[in-house]
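Contents: one structure, followed by commentary.
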Amino acid sequence: MQGGIYLVTMIPPGAKPGTNRSEREVFTAFEGIPDRPDWIVIHSLQLAHNLFSLEGEADFIVFVPGKGIVAIETKSPKYVEYTDGNWYLDKLPNPTKDPLQQVSRARSNIRGFLKQHDENINDIPFARMLWFTSIARHQFVNNSVGDMQFFEWELGLSEDKDKPVQAIEKLLENHISFFADNGEVNYDPAAFTAERAEAMASALLSNFRGYESAEELAKTRYKVEQKMLDEQLAIMELVEYNNHIYFDGGAGTGKSFLLAEAARKYAKQGKRTLVTCWNYMMAEELALTLNRPNITVKDLNTLMLEMCGLDTNPEGADTDWFEVELPQKALEALEKNPALGGYEALCVDEFQDIAANLKLIELVLALCNVKKLADTSIVWAGDRNQQIMREGQQTIDPATRMKLIMPDTVHVRLRTNCRTVPELAKMIPRIINIDTDIARHRIPEGFEGGLNIVTSSDDKQTQHLATTIRKLLERYNTRDIVILSPFGETNSTVGQLLERGASNADERTLLSQLDIEGTEGKIRWRSIAKFKGLESPVVVITDVNEKAKVFASSLHKQLDELLYVGITRAKYECVLIGNSVDPARLD
């Protein structure tokens, strides 16, 4: 029930992740039907008990007590052509596949299965419908006087999305009327009661519960990840005898992993090794994995402050301080005291963050013995699509810049996704206007995960965030989830919630789950920029709205650039909350 109006029973209650455009449109049409509380609509029923093939699917099964059952196949082609019994559905993955055969086989499979549970199934009208959600009635031209294979009234068109009750009931009336004089058919629609409909729906989809513990799920994921990373080590073996290497690739292609492996190798050889990057949170994460002799891990800001004998940055320090003044002071300190550098191996992650700043690059190279630069082992890693730390409009190709600085550098292009499950990775280019340049995936197909969009107005952000977190916690631990925002602490949804306090039970629960002061085991929340270079099993991105577009524009960026960084932090699932991304882009 919604607002006092009794609605159709939808199974499941929400469209499944990855639902295509035509199914999503029909699902939306059905779920809003008022005053048909006894109708039951099953979406995306997998047909394991299949008489014709190993597997199959019914897009929709509609139970209409007092009238009958309808099996529906939905399609959204650019155009349809039906000639001599052959179909062509333009812009679909398999344009010549017969959609009538699909829906007929689904109907036969379901009828056969239900007969095991209701021996009088043959007295129930069971119609089929082929629904073209993208073609309007005025665009549909039928030049034939008739066809042995189907009736025109079995076709649904775009306008029927606005009047689904009329479309379904008229279809069943036509079906019953046509077979009324058929001696082998003895329909009794009145015998199809709401109770029988509910029993049949329950037979098709029984309910049971079984649980995989969070610990077991974590073990499974860990085994997959370890196998994947072991395979990635083969790349290091190919280039390990090169002294200068640049790992170039999109998010999740294993750049940081290979850079860390190089640091371990150099340290094991007894080389004094520096691992650095611009993002201090990423440096903290690297320090946890590289805590061993001969390795120093520091973000560049901390490194420069220490070289200059400073504890902190000046209050109100601006970009000029971080990118010009402080690097110059550090260079001067290094000139006075060369012992501050002298590293025998350098590993610089997220090179794109400093690629445009020649002063910072000069400082990094000065940290080794410049006279013997050719003998110094140097590994860089970068991604041209992750330049959100760079202010201004100029886009730098870090790989090209690296070749200008050190022409002998071996450029290793990484195009295999090693972090994100394929189901999620494949959705990213549909959501953002960025070429991820991923050629293949190491994680097996079918691994749990994906991307979902929760359409939300600005004033409903906390409500939808609380609901999203509640659902995610059914399958993940709190520490598996991170909440990101294009904004910092002050303007993000979580930051504003903390500022004003909770006003309802959902918000109080949400606050209790958040890592507010470094609380162990709680849900982390950060800006996208601060979390760049890190990863999490699940990422929820709030504030995907017009304000975020304006904010990105103020940084001379597109919102898509921020979303690319945010979404690619997720290993398994990502949820976007806002109103600036159209869910139809997932279709």
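General observations
- Some residue of the range 319-341 being in a helix (DSSP H, G or I), of a type in the set (Val, Ile, Thr), loosely packed, with under 14 Cβ neighbours inside 10 Å and free of Cβ contacts under 8 Å to residues at least 60 places away in the same chain: no
- For the range 358-375, a residue qualifies if it is crowded, with 18+ Cβ neighbours inside 10 Å and modelled with pLDDT under 90, and exactly one does: Cys368.
- Residue in the range 363-375 that is hydrophobic (A, V, I, L, M, F, W, C), assigned by TED's automatic domain parsing to the domain that holds Met281, over 20 Å from Gly533 (Cβ atoms) and part of a strand (DSSP E or B) present: yes
- Among residues of the range 124-140, those that are in a helix (DSSP H, G or I) and of a type in the set (Lys, Arg), counted: 1
- Number of the exception - Ala466 against (1) under 11 Å from the mean Cα position of the chain (by Cα); (2) crowded, with 20+ Cβ neighbours inside 10 Å; (3) of a type outside the set (Phe, Trp, Tyr); (4) more than 16 Å from Gly566 (Cβ to Cβ): (1)
- Out of Gly68, Gly85, one residue alone is buried (at least 17 other Cβ atoms within 10 Å of the Cβ), small (Gly, Ala, Ser) and over 27 Å from the mean Cα position of the chain (by Cα). It is Gly68.
- Each residue in the range 407-418 was checked for being surrounded by 18 or more Cβ atoms within 10 Å (Cβ to Cβ) and assigned to a strand (DSSP E or B), and 4 of them qualify.
- Scan of the range 258-281 for residues that are under 20 Å from Tyr564 (Cβ atoms) and crowded, with 21+ Cβ neighbours inside 10 Å, ordered by number: Cys277, Trp278, Asn279
- Condition met for Ser206 (of a type in the set (S, T, N, Q), more than 22 Å from Pro12 (Cα to Cα), surrounded by fewer than 16 Cβ atoms within 10 Å (Cβ to Cβ) and modelled with pLDDT under 95): no
- Filtered by the rule that a residue be surrounded by fewer than 16 Cβ atoms within 10 Å (Cβ to Cβ) and among the hydrophobic types (A, V, I, L, M, F, W, C), the range 151-194 gives Phe151, Phe178, Phe179, Ala180, Val185, Ala190, Ala191, Ala194.
- Taken over the range 513-527, residues that are out of contact with any Lys or Arg (no Cβ under 9 Å at 6 or more places or on another chain) and of a type in the set (Asp, Glu) amount to 1.
- Filtered residues of the range 531-562 (kept if more than 16 Å from the chain's Cα centre (by Cα) and without any contact (Cβ under 8 Å) to a residue 60 or more places away in the chain): Glu546, Lys549, Val550, Ser553, Ser554
- Asp515 being in the same structural domain as Leu562 (by TED's automatic domain parsing), of a type outside the set (A, V, I, L, M), more than 15 Å from Thr462 (Cβ to Cβ) and modelled with pLDDT of 90 or more: no
- Subset tally (residues that are part of a helix (DSSP H, G or I), of a type in the set (Asp, Glu) and under 19 Å from Lys471 (Cβ atoms)) for the range 555-580: 0
Every residue, every condition in (1) in contact (Cβ under 8 Å) with a residue 40 or more places away in the chain; (2) under 28 Å from Gly249 (Cβ atoms); (3) not charged (D, E, K, R), yes or no:
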| position | (1), (2), (3) |
| --- | --- |
| Glu448 | yes, yes, no |
| Thr455 | yes, no, yes |
| Ser492 | yes, no, yes |
| Leu497 | no, no, yes |
| Arg500 | no, no, no |
| Leu511 | no, no, yes |
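- Top-ranked residue of the range 220-248 - restricted to ones that are at pLDDT 70 or above and in contact with a Lys or Arg (Cβ under 9 Å, 6 or more places away or on another chain), ranked as surrounded by the most Cβ atoms within 10 Å (Cβ to Cβ): Phe247
- A residue that is in a strand (DSSP E or B), in contact with a strand residue (DSSP E or B) (Cβ under 9 Å, 6 or more places away or on another chain), in the same structural domain as Ile567 (by TED's automatic domain parsing) and not aromatic (Phe, Trp, Tyr) occurs nowhere in the range 419-437.
- The residue list Gln387, Gln352 contains one member that is assigned to a loop (DSSP other than H, G, I, E, B), outside the structural domain of Ser554 (by TED's automatic domain parsing) and touching a Lys or Arg at 6+ places or on another chain (Cβ under 9 Å), which is Gln387.
The values are calculated or read from the model by the stated rules, or taken from the named source; none is laboratory data. Quantities reported herein were computed from a predicted structural model and do not represent experimental measurements. Here Cβ is always computed from backbone atoms with ideal geometry, including for glycine, and neighbour counts include all displayed protein chains.
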